[in-house]
Amino acid sequence: MLNFFYKIKEDNMEKFQLYATMGAGFESVVAKELQALGYETRTENGRVFFEGTQEDIVKTNLWLRTADRIKILLEEFTATSFEELYDQVYDYDWAGLIPVDGQFPVKGRSVKSKLHSEPNIQSITKKAVVDKLTKQYRRRGFLPEVGAFYQLDVQIVKDLVRISLDTTGSSLFKRGYRIEHGGAPLKENFAAAMLKLTPFDGTHPLIDPMTGSGTIAIEAAMIARNIAPGKLRDFAFSDFDWFNHQLLKNAKEEALTKETTEHAEIWASDIDESVLAVAKLNANNIGVLQDIKFKQVAVKDFKTELENGIIIANPPYGKRLKDEESARALYHEMGEVFRPLTSFSKYYLTSDLEFERYYGERATKRRKLYNGSIRTDFYQYWAKRK
């Protein structure tokens, strides 16, 4: 059994084996974000590993734009029977992690393993933790579980068991700026990941001509201004009794000093005035309303004098809206309007595999992504510079 909750003697700081989780297809994007923050990484399907202290748990939760969660890997071992699973889990020092009143729900998942019953995996893991804490705290009867949340996850892949603690709480896509609105808006971290797949850094114009509730344009403005995506929210680690609660306050104060104001123009337009009103509220909530130029305009009427920028859009899929014919008519309009803008690189996300046909041009590159459970393609048309 490997225990990854350990101390480094040289600086007497707790060091953790950490990993970020993300949507399928975005592993390399998250890895690059972590590397840009100064971490050495190791990538597997759905997760990117790195090491860090409590400060790094705070930093990555606050600053990662494209990840879902940050977890601490607590244990790693092989188990092919429930007895082995129970014994290995029981051996861990759970009182060093969870207080006597802590709530510790367990999520379980199994892939290609002898222990394949996920309900049983969850219940056996839970029982082992309860039994150990009951002994360590010298309790009789049930543990109260009325305090802070310590979400435990047990994943078994090919008999390799990994037990982790979620430090994030609500997924990192929940920035805290978006008000509820109907339809199917992109998650904030998905929009940020789309932007990270383009050359966008705020130094060239960006246009979102079908902005909906504004998520792509808002995330672009946050990138351009170096606004920490987690600035409005709190995280699960804030309630851990062993965590230094001053660290998040300090990190948020430092993040404010790193925000900038200068960037190229960001335009966001839509045919629907009501969704533009929502987009403006969302932009105002995170402090970028003045950084985005909103305009009500249909794609067929779109015009711009800007050059050498990026057009990025999440048009209706047809399948999603049960209106394939109108969606494809819109793709044709997009081609008529945007194809002549040859100094712009263009990026479109849709699940329609016939998009290129109706747009009227074959993409420079296509990348398969999953928007939730929907398989989509990210069609990339690179600029033709003069």
*Determine the percent antiparallel among the DSSP beta bridges restricted to the chain, to the nearest 5.*
70 percent
_Which entries of LYS71/LYS365; LYS280/LYS346; LYS127/LYS158; LYS280/LYS365 have Cα-Cα distances beyond 26 Å here?_
LYS71/LYS365; LYS280/LYS365
*For segment 2-166, build the charge dipole from Cβ charges (+1 Lys, Arg; -1 Asp, Glu) around the Cα centre, then report which of ALA36, ALA95, LEU62 sits farthest towards its positive end.*
ALA95
*Could you give the spread of the C-alpha atoms of the chain along their three principal axes, from largest to smallest, in whole angstroms?*
72, 46, 37
*What nm distance separates the two modelled labels at ARG109 and SER171, each placed 7 Å from Cα along Cα→Cβ?*
1.1 nm
*Using a Gaussian network model of the chain whose springs link C-alpha atoms within less than 10 Å, name the residue from ILE124, ILE227, ILE218 with the highest mean-square fluctuation.*
ILE124
*Find the relative contact order for segment 2-166 and round it to a whole percent, using C-alpha pairs within less than 8 Å whose residues are 6+ positions apart.*
23 percent
*Order these peptides, 307-313, 246-252, by their mean beta-carbon neighbour count within 10 angstrom, highest first.*
307-313, 246-252
*asked:* Taking 8 Å as the Cα distance limit and 6 or more residues as the minimum spacing, I'd like the relative contact order of segment 207-349 as a percentage.
replied: 31 percent
*Modelled FRET efficiency - R0 30 Å, TYR90 with GLU44, Cβ distances, 0.05 increments*: 0.65
*Among ILE163, PRO119, ASN284, whose Cα sits farthest toward the positive end of the charge dipole of the chain (+1 at Cβ of Lys/Arg, -1 at Cβ of Asp/Glu, about the Cα centre)?*
PRO119
*May I ask you to list the aspartates and glutamates whose Cα is less than 16 Å away from that of LYS231, ignoring any residue fewer than eight positions away on the same chain?*
GLU55, ASP56, ASP68, GLU188, GLU219, GLU253, GLU254, GLU259
*More than 25 Å apart - percent of Cα-Cα pairs taken over segment 2-166*: 36 percent
*asked:* Modelling each spin label as a point 7 Å along the Cα-to-Cβ direction, I'd like the ASP159/ASP323 distance in nm, to one decimal.
replied: 5.5 nm
_Defining a contact as two alpha carbons under 8 Å apart and six or more residues distant in sequence, what relative contact order in percent does the chain show?_
13 percent
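Read the figures in this text as sums done on the coordinates, not as results from a lab. Nothing here was measured: the structure is a model prediction, and the numbers come from that model. Glycine also receives a Cβ, built like all others from the backbone with ideal geometry; neighbour counts cover every protein chain displayed.
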